[in-house]
Each structure stands twice: as structure tokens, then as C-alpha cells.
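Down below is the structure, laid out as C-alpha cells.
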Amino acid sequence: MRSRWNIRQTPADPLEALAYRSRLIGDEETLGLFGGGNTSTKATCPDLFGHPEPVLWVKGSGADLKGCEPRHFAALRLAPLRALARRAAMSDEAMVDVLERCLIHPKSPRPSVETLLHAFIPEHDIDHTHADAILALANTDRGAPLVRTVLGDRLIWIPYLQPGFALSKRVFDAYQRSPGSHGAVLEQHGLITWGSDGQTSYRRTVHYVTLAERYLARQRRRRRWSASRDTTLPDGRRMAWLRQWLPAIRRTISQSKRMCLTYDDSPEVLEFVNASRMPQLASIGPATPDHMLRTKRLPLIVQNREDVVAQLARYAASHARYFQRYHHQDQTMLDPYPRVILVPRVGMLTTGKDATETAMVATIYKHAMAIIRNASSVGRYTSVSEREAFGVEYWPLELYKLSLAPAEAELSRLVGLVTGAVGGIGRGIAQMLVDRGASVVVTDLQPEAVVALAQEINQRAGRRSPPPAGSRLPPRKVEVAGRALGVVMDVTQEESVERAMDETIRAFGGIDFLVSNAGIATVSSIDRLSREAWERSLAVNATGHFLVARSVVRWLRAQGLGGALVFIASKNVPAPGKEFGAYSAAKAAETQLARILAIENGEHGVRVNIVHPDGVFDGSGLWKTIGPDRAKTYRLPPDQLEAYYQQRNLLKARVTPSDVAEAVCFLLSQRSAKTTGCVLTVDGGLREAFPR
Ligand code: ZN
């Protein structure tokens, strides 16, 4: 890696400079991921009487170095923290208590669990990372000699110890015995560098990581790390395996809370899962304890592709035994199912509450793969013991980081498909679903439009994510990468529908709901209506709903987790208007289809409901095409059509896409858990269209 330090961009203010340096480190994925690693500087702050007081600025627990800003740091009084180094031992609870008491501002974020280490070492600036290249050297059976040979004798070797008071003291004692040191390598954990200013500690991180990277690159060229045992299954057979097994996998791992899965068959993943040494290497343990928070101690390695459910059960039973062996009285067992599933010849599945989380797990495990691979080319890969792993996996101070996640929204953990998503109503529905926590595949005919829509929804959802529950961190932009996915689908073509389903299950591991919304309108009296226009209307407005719903219902039944379907029909079903024959007849077929689906799928816990909107103009492609003709039918100037629709309803209300979306969210949520086969009108009240 190379230094990104730019002297012209370095802020003069010490806290701003610390945030700048932290962002430089956070921008390098190979140095640490998602809240891993921490940085500090020593400065002075005015005390209550305006006298300068020495303080330690250190990163808040769980905050990401990537995108760090001054508000993510906490300032603590340095003198009392330093005095703690004289103690022989200290419990975690006492340490957290002291850290809180030393905060300059009581409302600042909770300081990093490694704060004491930053306080004890009397160097001005300190950086701690979980650098991949350093871990690849340190996590081997000859870690200490390798580190000395490759990185030199200015780095102190610290045998593994769980973070906390004891580790901080051990590093401090070693520091005192090693004048002129540049930092330390923590076995099975990572790198610390220090210096008399921020630039020096940063440059030392870059320097040592680069030395390690160059050495590893040479060794990789010299030695093949593992032979490939199997070749990857062809695309079609991989997809067939996913289709066959994902419903049961998702059902099994969703026993306490519904989970999503994301499939990864990138070349690096396939190379790893196909390697003959993979089962042995992937069973050793995590590359750094911090990874376990997201990946658990071990992945599930699928030995027999035709027997996955039994292997999931064995994994969960083994986690329960691991918990029984090491837990204390007040601990409760976390979800026992795997976060990473490695399938030789197929790829990797990662699990989480949504695609943001599964992507996080995948990213971390890909770094672990690289570390394991590199370590294996220079020695025998090693990891922490099972007992030590438990100590971190169930460590309250580590679990605190998970509590910083935003509270789960009403539709969180649900995955669905919205057809015709680019138009006004579809867009409004998809946006609201993601705002309420769901993951959504937005489909329509034009590739650019669906991709742009998914991007827009993801960005918007990021801005609207609420601040973490119970956290003292101020609200910040939360990345929700991947909660909306744009996929092209022509609802009238079976192949296109099946391809979209494939994309859905690759990205999310299954499906929970459908909003069947795609539609077209034709204005013509029946005596002038062409057969083509009639058939086109039936193809989209009736057959299209059938094809998508059939595919979704088959999946929901196989998955066995219930589900919900909402059909966007029309007030034209109970109250048709003239010159709207092709549309109204097809929409009546859609409504009847929905009712039959409700009858047939109640026993599977699948609810099917219908929404009848009327006169929704905002962003509607439909009204752009048929508006002028409809205006002619009612003998109105085109610009008065919307007002006409508004005036004809009982509430004189202007119906918007978000009104329709609200009804859809209700019908998909548990608030309507006892409702199926129902029609909900969103039309301002039309007496001739009252459902009956
Ligand atoms: Zn660490």
C-alpha cells in the first residue's frame, strides 16, 4: 500500500487532524473493516475554569474509521487514565466505569475498548489496525520469528490476550522495555504503530504493512497454497442447487428471526471454496477476533451438497455445546446458525437481517480468505483457541457495537418484488417499503430506469435511517447498500420472470412478498378496439399477474415461512367506465386471480389482498399515455382531468402514490395479519366502487 498523506490537506486542529488520519486508514479495506481498529492523539482541552488540561482523543467504540469525523471521537482526562497503569488488574466493568468518569463531555460516544492502551503508551499519536498482511504473518505457527525477520526489530511481539486492561498493561510494560520501538504486533489480532505526531504513526502503519505485503507477494509466487479439488459447477447447475436448497436453508436459519442470505460466486470465493485444503483451513478459526462479531467463529462447510439442512442442524447443535462449555450465568445464547456457509463447487452464502448485513459478512469473510491463503503460503495458519474465541464472541464490550445498529423497522427482514416499479405508484410503493425496512427488487422493462431507481432508493433510505437506538452517537448517514435491487422483467414472459426470481434469490436468499403492480391501459370503445390491443391488455394486466404470482407462490410454499401478495387492481373492476373495456376486463381477471390465490394459499400462511386506487396522477406513465384520451371521453380539457377525478370522490381528495403505498405497507405488515382476500380502496371514496 502507499501513503495517502497529503501535507496540504492536513488540518491544523489536532482533533480534525486525527479524523483526517483515521479516514485515510479507514479508506484502506485491507487495514480494517466496519468499526474495527482505532486511533488516538493527545492534546489539551480547557477544563471547567479554562485551564488547559491534557486529554486523550480516542475513537468511539463501533464507529467506522472510514468516513470518521470529529464527533466520532471521545476526549478523556489523561492523568487519571495513566495512573491506572499502576494497578495489577481491573475488571471490564470497572474499566468501562472509569472510562465513563474520565469523559470530558458526558454525551460523547463510548470510548473504544482499547482506550487504556492508547492512554498508557506515552506516544503522541497511536494507530491500531487489523491489517490483513500483518495478520497473515502473525497468524502462523512461526508468527514471532516471521514478524522479526520480515518487519525488523522495531516492532514488539505481544502474545495473544483478549483486549482490555490486561492487554493494555502488557503492551505498556513491553513498551517500557523497548526504547525506540515503532509499535507492536498483537498475535492473532493486529498492528499498533505510534509516533511523535500523526504523520509518523500513519507512515509507520503504511511502512510495515507494505513490507508484509511485498514479502507475502513473493511467497505466493513461489508456493502454490492449495490444489483445486473440484471445478466449479456450471452456472445453470449452481442456480439449480440454489433453487433447490435455499428455501429449506432460509426456513431453518429463520427459526428465531427471519434471515436473508446473499450468494457470492466471485472468482476469489470459488477459488477458495474449491481448494482441497479449504475444509481444514476454514475450520481453524477467525483471522482476528473482531471479525467474529459478524462472521461467528467458524463458517459452515457444506460436506454434502444434498444434505444441507442436517448439516445446519449439526452446526447449531455444536454452537449450543460451545455456549454450554464456556458461558457465564448471565449470558444468553446468540443465534446458533452460521453467518458464512461455504459450498464447494458452488460458492459462499452469507446470512444477516438484510442485504446490508449479508454484504458486510461477505466482505469480512473475503478478507479472512485472503489472510488464511497468505498465511498458508508462509507457514501453518493458526487462530485463537475455542475458549479465547468465546471470550470475544460473547464479550459484552464487543457486543455493544451491535447495539449501535438502528432499531429494526416494521418491515425489516422481509424481501419482496415490486413489478412496474418505475411508474408513479410502483416507485412510491418501493420507496416506502425500503423506508419501512424491507428489501425490494424493483422490476420494470427498461434496464437503465430500474438500476437508477434502485440507486435512488438506496441513497434515500441511507439518509432517512434513524439514529441508532440508545446510542449517544449523533445521527449519521447509514449505508444501506443493496436494500433495493433493480432487475429487468417483462411480466408477460415466463423466462424473464424466472430470471428475475433468480436475481432475487441470489441477492436475498428468498422472497416474502409480491406487489403485483405492472399494468398498461388502452382507451377505446369495444367496437373500435383492435384484437392486438385487447390481447396486449390481457397479456400484461391478467397473464402478467398470473405468471409472477405463480412463481412467487411456488417459492413461498417451498420456503414455508408464510408470505403476502398485494395486487394493485383498479376501481374499474367494480365500477367500469366506458372506452376502458380492454383494461377493465383484464383487471377483473386480476382481481379474480387474487381471490383464488387467497383461497388456495391460506393454509400456507400466505395472505393475498387487493388495492383499488383511483385517479393517481403523480409521476404516472399511465396517465401520460391515456390522459388525453380519457379527457376526451369525459369532454374535458386535458389539464382539468386531475381536478375532475378529485371532485368526483366523496372526500374531494387528491390521491397520491404514497396513499397507495401506505395501504400496501399495511397489507404486507403484521398489522393486517388476519386479513386475506380483501379489497382496500384508495380512491377518496367512490360510492359506485364500494367493494361488495
Ligand atoms: Zn483490535
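What follows draws every value from the coordinates through simple rules; no lab data is involved. This one's a predicted model, so the numbers in the text were calculated from it and none came from an experiment. As a convention, Cβ positions derive from the backbone with ideal geometry for all residues, glycine included, and neighbour counts pool all protein chains shown.
Some values worked out for this structure:
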{"read-out": "Candidate aspartates and glutamates for bridging to Lys107, where Cα separation is under 17 Å - those fewer than 8 sequence places away on the same chain excluded", "value": "Asp47, Glu69, Asp97"}
{"read-out": "For region 414-466, convex hull volume per residue from C-alpha positions, Å³", "value": "60 Å³"}
{"read-out": "Fraction of the pair-distance distribution of region 1-101 above 15 Å, Cα-Cα pairs, percent", "value": "67 percent"}
{"read-out": "Cα-projected label distance for Leu538 with Gln9, points at 7 Å along beta-carbon direction, nm", "value": "6.3 nm"}
{"read-out": "Subset of Lys257/Lys366; Lys169/Lys366; Lys571/Lys674; Lys587/Lys624; Lys42/Lys296 violating a 30 Å alpha-carbon distance limit", "value": "Lys169/Lys366; Lys42/Lys296"}
{"read-out": "For the chain, the spread of Cα positions along each principal axis, largest first, Å", "value": "97, 66, 50"}
{"read-out": "His130, His189, His124 arranged by Cβ crowding within 10 Å, fewest neighbours leading", "value": "His124, His130, His189"}
{"read-out": "Straight-distance crosslink candidates among lysines, where the alpha carbon sits under 18 Å from Lys66 and sequence neighbours closer than 8 are dropped", "value": "Lys401, Lys477"}
{"read-out": "Region 235-403 - Kirkwood radius from inverse mean 1/r over Cα pairs (Å)", "value": "16.4 Å"}
{"read-out": "Fraction in percent of alpha-carbon pairs per bin - 10 Å, region 632-692", "value": "19, 39, 30, 10, 2"}
{"read-out": "Rounded if a/c under 1.5, otherwise prolate or oblate - region 212-251, Cα gyration tensor axes", "value": "prolate"}
{"read-out": "Translational diffusion of region 278-317, µm² s⁻¹ [Kirkwood Rh, Cα pairs; Stokes-Einstein; 20 °C; 1.002 mPa s]", "value": "192 µm²/s"}
{"read-out": "Sorted by Cβ neighbour density within 10 Å, fewest at the top, the residues Cys260, Cys45", "value": "Cys45, Cys260"}
{"read-out": "Mean projected area (nm²) of the alpha-carbon convex hull when region 7-222 is viewed from all directions", "value": "12.3 nm²"}
{"read-out": "Taking N as its residue count, the alpha carbon Rg of region 222-313 over 2.2 N^0.38 Å", "value": "1.20"}
{"read-out": "Spatially proximal aspartates and glutamates relative to Lys578 (Cα-Cα < 16 Å; intrachain offsets below 8 disregarded)", "value": "Asp527, Asp614, Asp629, Glu688"}
{"read-out": "Dimensions (Å) - region 164-301, Cα atoms, principal axes, largest first", "value": "61, 44, 27"}
{"read-out": "Distance in nm between pseudo-label sites at Lys107 and Glu69 (7 Å out along the Cβ direction from Cα)", "value": "1.5 nm"}
{"read-out": "Whole-number Å³ per residue for the convex hull built on Cα positions in region 60-125", "value": "92 Å³"}
{"read-out": "Label-to-label distance, nm, for residues given as Gln459 and Thr363 (7 Å Cα→Cβ offset)", "value": "1.9 nm"}
{"read-out": "Ellipticity estimate at 222 nm from DSSP helix runs (n ≥ 4, -39,500 (n - 2.57)) divided over the chain, nearest 500", "value": "-13500 deg cm²/dmol"}
{"read-out": "Contour minus Cα-Cα distance for Ser658 and Arg87 (0.36 nm per residue)", "value": "199.5 nm"}
{"read-out": "Estimated FRET transfer efficiency (Arg224, Arg550; beta-carbon r; R0 45 Å; 0.05)", "value": "0.40"}
{"read-out": "Residues Lys571, Lys59, Lys353 arranged by fewest to most Cβ contacts within 10 Å", "value": "Lys353, Lys571, Lys59"}
{"read-out": "Inverse of mean 1/r across different Cα pairs in region 248-292, Kirkwood, Å", "value": "13.1 Å"}
{"read-out": "Calculated FRET value between Asp502 and His604, using beta carbons and R₀ = 35 Å, to 0.05", "value": "0.95"}
{"read-out": "Residues Leu529 and Gln640, FRET efficiency given R0 of 22 Å [Cβ-Cβ distance, rounded to 0.05]", "value": "0.25"}
